[in-house]
Structure formats: C-alpha cells, structure tokens
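This report concerns only the one structure given below.
The values are calculated or read from the model by the stated rules, or taken from the named source; none is laboratory data. Just so it is clear, the structure is predicted and the values come from calculations on it, not from any experiment. Virtual Cβ from ideal backbone geometry, glycine too; neighbours counted across all protein chains shown. Keep in mind that these areas ignore ligands, DNA and RNA; they rest on the heavy atoms of the full protein, side chains included. Shrake-Rupley method; radii C 1.70, N 1.55, O 1.52, S 1.80 Å.
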Amino acid sequence: MSSISAKPSPRQVFASQLANILTRAHISQVAFARRMARQLEKDGHIPDQRRKNLAPRVHDWTAGVSLPARRWFPSLTSVVTELCKERGVSFSPGAFVSLWHMALAERSSVPVPKARATPPPPVVRQAASLAPPLGRLPARVHGQDQIIEDLCDLLVRPDGRPHVVTGMGGCGKSTVALSVAARAVHSGRTVWWVAADASTLLESMLQIAFELGAPAAHLDDARAGRRSPADLLWSHLDRSGGAGWLLVLDGADSLEALATGRGKAADGAGWVRGGGAGLVLVTSRMRGRTAWGHLVARHVMSPLSPEAGAAVLLDLAPGAGSSASAQGLSARLGHLPLTLVLAGRHLSSPFAVHGSFAAYTTALERDVSILDEQPTPAGLSILRTWEISLDELERQGHRASRLLLHLLAHFAPGTPLPVIVIELAADGLGLDANRLRRTLQALHDMNLIEVHADPSPYGVCVTTHPLIAEVSRTQVQVAASRRVTATFVDVLTLALRHWDPHDGQHRPLLELLGAHARALLRRLAPSRDDDVANGAVTPGLEPGRVLSAAGRIHEAAELVPVAAGLASRLDARSTVASNARQEAAHLHRLLAQIRILSEQSEYSDQTHFSPSGQVYLHAHRPP
C-alpha cells in the first residue's frame, strides 16, 4: 500500500520560502531580525527597546509557527526585497505577497481549538557540557608552538591577569585554546570550556559556581537579578585551590555577552577577571585595546608560515602532492588554518573531485566557493565567516563597515594602501573623514584589516588579507558592486589629480597606486559593464605613464595594454581612446629597443630611461 504525503499548507509554503530566502542570502535569523527591527522602527511600528523580541518571531515565521502581522507585513516585504537585491537572490514580491494572503486566509478559516484544561509540561533546562571538546583538536598543531607554550607557562605560574587570544576568523584561535586545555587536563587541572554565547553564558557560568559549592538560593538570586552572577562565581573561584584551573571562554566576539549588569570586559568587573589560582583564557575576533582594557593581556594571532601551512595540508592529505605544491595551495588560501583544514579534508577523500593540491589550487582560481564543500566545525559557510564579523560591527553601530571593506577588497590585497588615499572615497561612501577613520578602526579592531608595519612617508597604511578580499568581493551583488567599483575608479582618478605625477616627490606614491590600478584593470578586463570598465581607462593609464617615466617599463607594460584594451570599447575618435593607443604604442617601442640593445651588448647591462623615454645602457664588464 503506497503512502500519500500530505500537501503542505499555505503557511508551511510561506515559511519555507522565507527560510529559503534567508539561506540563499547567507544571512542568519538574528541578523535578519536586526534589519527587520530597523525597518519597523523607521516605519513607526515599534520602539527601539522592543528590537530584542524580534529574533524569536523571525524563527516562528520561518518555522511556520506564526505569520507576520498585517501591520508588519509591508515592512517585511521591503526588507526581503532590499536584501535579495543586495545579495543577488531572485525574488518575486507579488508571489511573496500572494502566499502570505493565502496563509492568512487559511488561518482565518481554521477554527481555533479550545484551550486545554491541563497545564503544559514544565520546561526542563538541559545543562550544557563544560568539558573541553578535545576531539576537535588535530593530532598535530603546526606553527603555533610559541603562543601555546607561553599560555601553558601561565597554567603553572599565573600572572593574575585574564588573557585573550585574538585574530581574524579562521586563524586558529580555538585550536590554540584547545591545545592549552589538553595540557591542563593532562596535568590534573580542572578545565571549564564555555561557549561565549549570550543565550547560554549565564547558565554555564552559574553551573561552574554550583560545582564550586554555591548554594542553590544564591544561584536563584543571581538568576533573578538580586545578586551579581559574576561576583558570585568569582567569590568561589578565588577560594578554589588544588592543582589550579583553566576557564576558557570561546568565541567571545560580542563583548556585550561578557558584561554583567554594569560590569564590562574592560572594567574587570564582568565575567572576565584575573586572580585566583587559575587562568581565564578568552578567544575573540575583537582585539581593540579599548574593548579589553589594560587589565587583559592580548595575544594577536597571524596566518601560518608557508611551511606550517603546507604541513597542515600534508598531514590531512599526504598523497595529494609535493611539499612545494602544498605550499602553493597554502599561499592561495592565505595560510589560514581553517581554510587549510577544509581543503585538506576534501583532498583526503578518495572521491574528491579535485584530487591534488595543484588541481585544487586551479579550481580555486575559477570559484572560491568550492571551500564550502566541507562544513566548518561550527557548521557555517566559510564564505560567511567574515560576514559574521561585519554583522557584529553593524550591530555596534558601524553601519558603513561592510561597504568600506568591500571597497578595500578592490585594491591590491596585501599591498599597502595609505589612509590619505582611502579618505578620497569618503564622499562616494556617504561618510565624512572622521566617520571613515572610525570605521577603519572598527575593521582593524575586528581583525578584518591590518596596519602595515613598515613606516610610510604617506602616513598610516592598511592592508587586507587576500582571501578576505576575495570572499568579500563575492558577497557584493551587482548593484552594490557597480557602486563600489565606480567609487574605486573615482578614488584613483582623484588621487592622480591630487598628487601631480610630474612632481618627483609624489612619484613613489603614484607608483604604489599603479599596483592597485593593475588589480582593478585585471578584474575589469573581462567585465561586460562598459560604463564602469571604460571609466577605469584614465586612472589605469596615468600610473602607467608614471611607471614609464620612472624607468619601470616592464611594470608599465603590465598596466597600459589592459587599459588600452578597455579603451577599445570607446569611440575610436575619443581623446581617451587615442591617448591609450599612443601610450601602448610608445611602450611597445621601448620594449623593442630593450630587446635589441640587450641582444647586441656583450656586457652585463643595466637599462636606464630618460624622462623623455629614450633608452640607453650603462654597461659594465663582469668581474
């Protein structure tokens, strides 16, 4: 006898469509709820203090438990439409509205059941395990020996300070903390591993207090707000003795979760404190000194070395290629432990589509999203890893952080970019100079950009990790991408107008801009958006002229022909197209002269160029 599945109700279809939209847009229910709250407040439906109530409602809408109210539905439609437009998700507002009306009609036609006489069963809270998840620790941890040893020394000789391990998402913070936890367990110390999630943190910390002997009445007072839960816990931690202890707060990316009442992380009066016979170890993407205060010791993590990155891959997939090819793949992945583990897991499978380090590297050039074929330990999309950081910055009020990072992602990754150049984008982003610098500070505090270490005559320079930049560009949808690209072109154009290319003092800065212009032109060469591509011709040509005048002909030759190719789409009679053709022909003649003179010379040659472009050789006989 065949079974017949019930047809889904209109409410279930509506819920499924809304959930599917959030999934395809790579946005969490919490982040969507924040967007919805802002729109409702803008439309005059809810006051600010009720925003926190929306996340459960969004969950109920996507689960089919309830429907959006009539007065809220126009705001919901606006948010979904804007989100789908931003993220390039296909969406039909008319069909969405029709589904909602059908679900509403179904609800109106179904009789409401009478309330039950029996009370509902009591809600039982299940305590979370506080044991460290040592099964997530790899057999060997590469490239982190020094930071692990430094933290393990603190188990033996605590310095009375809490310590935070901070770094960009995917750099291995939790792995370092797990390595320290494993040492602590093996040495007989008590270890508590707490996920620093606002929804579970209080109960987990009170569970520790209970294990240390806190009376049930005191725990109830803490839950009811009659006693400080942090003070209660620390009163027992300070009295605990034995072989010492380790408390790990993992994933503390929102500092509000670590606050209790008036006590903040930086105050030393919240959950994060020092003292006692143990060590408090926090992992977080936040590294700002103002966020943690002077009482907390910070350990900032960086990507692995090429050798350590290759070792991670070879441990996971020893038959996938040589050490050199493993280093090549590690470089392509920015030497980030999380991405290395995902790639290694893929390559370790006998059914892997890309069976070698070299094949996987080639596949990444075509589509970076193949990293999502393996889930992260937290079950997240790797393409969402850094978007989560941006969600947190937006929640903190830095609403321009996402757009600014997308702009920075268009510059040459890993190449220093002076802040004075970025400031030229302020108008295009709708920011004043002060707000732009505050947003840069926020991106730096969240480990999304780095301050370039070497001093620069042009002031502070920043760099963006290549993989963050690449993934960030994939998150920008068509409309936003065109705006960001146009802003980038405007920045280069303004820079060339602001700093005279004929002034020798400005020439080094303009040579640096040449590297960023090459990155832009390489991406725009295959673009079908002629308006944006053609706008890049002039800012692509001008750095080429500067490089040519500085005698760096080969670098100019990488730049000018691409700009000339974009110019070929213009009217052949236009001044821009004519200049591009002339500049490309000029460089072609110079390169031809170099080849002829180098072939004819019997000496070891250095090629020099006069400002007019004339080539001559300075010959010297080899010793």
For the stretch 287-338, which fully contained helices (runs of 4 or more DSSP H) count at least 3 residues that are farther than 27 Å from His444 by Cα and among the small types (Gly, Ala, Ser)? 323-332
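Identify all residues within the stretch 151-165 that are closer than 26 Å to Lys264 by Cβ and assigned to a helix (DSSP H, G or I); write none if there are none.
Those that are closer than 26 Å to Lys264 by Cβ and assigned to a helix (DSSP H, G or I): Leu151, Leu154.
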In the stretch 424-441, residue nearest to Phe488 (Cα to Cα) [restricted to those that are aliphatic (A, V, I, L, M) and in a helix (DSSP H, G or I)]: Ala425
Could we say that Asp221 is open to solvent by 10 Å² or more (accessible area, probe 1.4 Å) and under 23 Å from Glu394 (Cα atoms) here? no
Tell me which residues, restricted to the stretch 351-408, are hydrophobic (A, V, I, L, M, F, W, C), modelled with pLDDT under 90 and out of contact with any helix residue (DSSP H, G or I) (no Cβ under 7 Å at 6 or more places or on another chain). Phe351, Val353, Ala378, Leu380, Ile388
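Table: residues versus (1) under 29 Å from Val30 (Cα atoms); (2) surrounded by fewer than 18 Cβ atoms within 10 Å (Cβ to Cβ); (3) of a type in the set (S, T, N, Q).
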{"site": "Leu206", "(1), (2), (3)": "yes, no, no"}
{"site": "Ala209", "(1), (2), (3)": "no, no, no"}
{"site": "Trp234", "(1), (2), (3)": "no, no, no"}
{"site": "Arg239", "(1), (2), (3)": "no, yes, no"}
{"site": "Trp245", "(1), (2), (3)": "no, no, no"}
{"site": "Ala252", "(1), (2), (3)": "yes, no, no"}
{"site": "Ala265", "(1), (2), (3)": "yes, no, no"}
{"site": "Ala277", "(1), (2), (3)": "no, yes, no"}
Out of Ala209, Ala182, Ala217, Ala243, report the one residue that is of a type in the set (A, V, I, L, M) and part of a loop (DSSP other than H, G, I, E, B). Ala243
Criterion violated by Ser325 - all others in (1) crowded, with 21+ Cβ neighbours inside 10 Å; (2) farther than 19 Å from Pro132 by Cβ; (3) modelled with pLDDT of 95 or more satisfied: (1)
Could you grab me the full set of residues in the stretch 132-180 that are out of contact with any helix residue (DSSP H, G or I) (no Cβ under 9 Å at 6 or more places or on another chain) and either among the β-branched types (Val, Ile, Thr) or farther than 26 Å from Ala317 by Cβ (or both)? Gln146, Glu149, Asp150, Asp153, Val156, Arg157, Pro158, Asp159, Gly160
From the option list Thr474, Thr464, single residue qualifying as surrounded by fewer than 20 Cβ atoms within 10 Å (Cβ to Cβ), of a type in the set (Ser, Thr, Tyr), under 29 Å from Ser369 (Cα atoms) and at pLDDT 70 or above is Thr474
What about Thr200, is it touching a strand residue (DSSP E or B) at 6+ places or on another chain (Cβ under 6 Å) and surrounded by fewer than 22 Cβ atoms within 10 Å (Cβ to Cβ)? no
